[in-house]
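J.: Have a look at this one before I ask anything.
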Amino acid sequence: MSPSGGIAYRGTRLFIEDCDLAALADEFGTPLYVYSRAALQERFRAYASACAGHDALICYAVKANSNLAILNQLAREGAGFDIVSGGELLRVLAAGGDPKRIIFSGVGKSAAEMELALSHGIACFNVESLSELRLLDRLAGACGKTAPVSLRVNPDVDAKTHPYVATGLRDTKFGIDIDGALAAFREATMLPNLRVIGIDCHIGSQLLDDGPFMQALERLIELIDELAHEGIVLTHLDLGGGLGVAYQGEATVAIEEYVRRALARVDRWREQFHGGAALRVLFEPGRSIVAAAGVLLSRVQYLKPGSARNYAIVDAAMNDLLRPALYDAWHEVLPLEKVDAPVVNWDLVGPVCESGDWLARARDLALREGDLVAILNAGAYGMAMASNYNTRPRAAEILIDGAHAHLVRKRETPEDLFCGETMPAL
């Protein structure tokens, strides 16, 4: 399989843009996250170009990768942001994001988070329950504001993805069941401190074709028409995110194809029944923008051949990249330098004291102790889900711009991890 995301061999050495990855590992140490600015821009601009000429907004899903440098690059490209916590709101603002282009999603917003978002005048709250709706109304009233809201509707569409990231079926914790959505909208319009502006859905993550998206869109359009008959006129339609990437060479729908099909369907709705009614369309991509833009570099510490399995023990672990242990996820692995060594079927595992601490299984690789490897498509849900399990400091992060490498997060030290702890005199 050929590398992606601006990654390619030059001779025997692997580069990202114009930077030698092995040289970066030597300079900054491992484990190390490396991101390509060009790859990030390329994928965001694929969304932007497909939206040209339409009233649409691309709101990057911050949970995929929340590094300030990533957020700043996307803000400079004109992105909006989809957030799911007060912390993410503060990150976006610190990175130069416009609060008027922020959508606040999430099933468990706290009162403090709602008040913070109200104080900054965000674009919209994606509300996921009647209880949340009522609390937001009370909080907005208490601070003399009117909160713009969109109701997240659960359209009961099977996204055909991993069950942990399927969010559009009836039995998930997300959204308001479509059968009760009409009543929820009626109540929302009666609450004095809310302004109902939109409808939202998000059916899941890592969808490889746009069939489920289009099915969900049809159900939302039907509901928009029902609401219009009752005098509830919406001005925005949020289709969420979830477009997948080719971790293992899978066939995937192109960003441009999906966006253009969705916008064309909304245009037909406008023209046929509503005489060009104003309805802004929002997309909330995360993984499809940032996954292929990032790699995780790791060094082989030990080679441990066995009678049943052969283990390459590397210095990255499940605390650095959780997806394989959590989702049984597949990431391509490439050596940073092609070497003259026998090809062996290796399992790449880390130092964490868990049998579930693995990064890749059954990979045919020519490896020696001390060699470096790149774990691809690690830009999404890599560093964002990293932890300090086993008191392991989190990795450094680098942003590449051509031949220039910028340190955008320094490596933690063990002392950083317990500096906030105290030992009471008992």
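Each reported figure results from applying straightforward, stated rules to the coordinates on display, with no laboratory input. Predicted, not measured: the structure shown is a model, and the values here were computed from it. Methodologically, a virtual Cβ is constructed for each residue, glycine included, from the backbone with ideal geometry; neighbour enumeration extends over all protein chains shown.
J.: Provide Rg over Rh for the chain; use the alpha carbon set for both Rg and the Kirkwood Rh (inverse mean inverse pair distance).
T.: On the way: Rg = 23.0 Å, Rh = 22.9 Å.
Rg/Rh for the chain comes to 1.01.
J.: What is the set of long-range amide H partners of Cys124 at a cut-off below 5 Å, with H atoms built 1.01 Å from backbone N?
T.: Ile102, Phe104
J.: Right, here's the next one. Which of the GluC sites (Glu not before Pro) across the range 173-231 are loop residues per DSSP, with 11 or fewer other Cβ within 10 Å?
T.: Details: sites: Glu187, Glu218, Glu222, Glu226, Glu230; in loops: Glu230.
Hits after loop and neighbour filter: Glu230.
J.: While we're here: For Glu271 and Arg10, calculate 0.36 nm times their separation in residues minus their Cα-Cα distance, and state this gained length in nm to one decimal. Could the numbers behind the result be given before it?
T.: Working: separation 261, 0.36 × 261 = 93.96 nm, distance 5.19 nm.
Full extension from Glu271 to Arg10 adds 88.8 nm.
J.: Nearest 10 degrees, 0 to 90: what angle lies between the long axis of helix 255-273 and the longest principal axis of the chain (Cα atoms)?
T.: 10
J.: Can I ask one more? Under a 5 Å amide H to amide H cut-off, with H placed in plane at 1.01 Å, what residues pair with Ala360 once short-range neighbours are removed?
T.: Long-range HN contacts for Ala360: Leu348.
J.: Which trypsin sites (Lys or Arg not before Pro) in the range 229-325 pass both tests, a DSSP loop state and at most 11 other beta-carbon atoms within 10 Å? All intermediate terms of the calculation are to be shown ahead of the outcome.
T.: Numbers: sites: Arg260, Arg261, Arg265, Arg268, Arg270, Arg280, Arg287, Arg299, Arg309; in loops: Arg309.
Passing both the DSSP loop test and the Cβ count: no residue.
J.: Just the Cα atoms of the range 105-285, one point each, no solvent: what log10 I(q)/I(0) does Debye give at q = 0.11, 0.18, 0.19, 0.20 Å⁻¹?
T.: Reported log10 I(q)/I(0), two decimals: -0.48, -1.19, -1.28, -1.37.
J.: Something else about it: In vacuum, with every alpha carbon of the range 24-103 counted as one equal point scatterer, what does the Debye formula give for log10 I(q)/I(0) at q = 0.24 Å⁻¹? Two decimals, please.
T.: -1.12
J.: By how many degrees, between 0 and 90 and to the nearest 10, does the Cα long axis of helix 211-229 differ from the longest principal axis of the chain?
T.: 20
J.: Per-residue ellipticity at 222 nm for the chain, helices alone: DSSP H runs ≥ 4 residues times -39500 (n - 2.57), over residue total, nearest 500 deg cm²/dmol?
T.: Helix contribution divided over all residues of the chain: -9000 deg cm²/dmol.
J.: Residue by residue through the range 117-130, what is 3J(HN,Hα) from phi via Karplus (6.51 cos²θ - 1.76 cosθ + 1.60, θ = phi - 60°)? Round to whole Hz and write x for glycine and proline.
T.: Coupling constants for the range 117-130: 5, 4, 5, 9, x, 5, 5, 6, 9, 8, 8, 10, 7, 5 Hz.
J.: Next up: Taking 0.36 nm per residue of separation and subtracting the Cα-Cα distance, what length does fully extending Ala366 through Asp416 add? Present the calculation step by step, with values, prior to reporting the outcome.
T.: Working: separation 50, 0.36 × 50 = 18.00 nm, distance 3.63 nm.
So the chain would gain 14.4 nm between Ala366 and Asp416.
J.: In degrees, nearest 10, range 0 to 90: what is the angle between the Cα axis of helix 37-51 and the longest Cα principal axis of the chain?
T.: With rounding to tens, the tilt is 30 degrees.
J.: Length gain on complete extension for the stretch Tyr302 to Ala183, per 0.36 nm per residue less the alpha carbon to alpha carbon distance? Display every interim value, and only then the final one.
T.: Working: separation 119, 0.36 × 119 = 42.84 nm, distance 6.09 nm.
Gain in length upon complete extension: 36.8 nm.
J.: Just need the relative contact order of the chain here, percent rounded to a whole number, with Cα pairs under 8 Å and 6+ apart. Please list the in-between numbers first.
T.: Numbers: 920 pairs, mean separation 82.7, N = 426.
Relative CO of the chain lands at 19 percent.
J.: Which GluC sites (Glu not before Pro) in the range 324-363 pass both tests, a DSSP loop state and at most 16 other beta-carbon atoms within 10 Å? Mind showing how you got there, number by number?
T.: Working: sites: Glu332, Glu337, Glu354; in loops: Glu332, Glu354.
Taking the range 324-363 and a limit of 16 other Cβ atoms within 10 Å, the loop GluC sites (Glu not before Pro) found are Glu354.
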